[in-house]
Amino acid sequence: MPVEVLELTGAPGDVVLIHLHVFHARSPDTGSAPRLMLAREIRGVTPPHP
């Protein structure tokens, strides 16, 4: 299976939404504030039948 490695960068305050099963690794933290990751499952809502 071919694998492609991409580095995702962003500006301070950016939010990134990815699937929880995506393999990920951290890069060196060069800032003075800690970086946080929130893992949350978001499910779609099926509207009720009339």
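The values are calculated or read from the model by the stated rules, or taken from the named source; none is laboratory data. Worth saying up front: this structure is predicted, and the values here are computed from it rather than measured. Please note: Cβ atoms are built from the backbone with ideal geometry, for glycine as well, and neighbour counts cover all protein chains shown. Note: accessible area is taken over every heavy atom of the protein model, side chains too, but ligands, DNA and RNA are not part of it. Shrake-Rupley method; radii C 1.70, N 1.55, O 1.52, S 1.80 Å.
Per atom type, the chain shows carbon and sulfur on 61% of its accessible surface, probed at 1.4 Å. Decide, for the chain, between rounded, prolate and oblate: order the square roots of the alpha carbon gyration tensor eigenvalues as a ≥ b ≥ c, take rounded if a/c falls under 1.5, and otherwise choose prolate if a/b is larger than b/c, else oblate. Oblate, since a/c reaches 1.5 and b/c is not below a/b. 3J(HN,Hα) couplings calculated from phi for region 33-44 with the Karplus curve 6.51 cos²θ - 1.76 cosθ + 1.60 (θ = phi - 60°) are, in sequence order, 9, x, 8, 10, 10, 10, 9, 9, 8, 10, 10, x Hz; Gly and Pro show x. Rolling a 1.4 Å probe over the protein heavy atoms gives the chain an accessible area of 120 Å² per residue. A Cβ-based charge dipole, computed about the Cα centre of the chain with Lys and Arg at +1 and Asp and Glu at -1, lands at about 200 debye.
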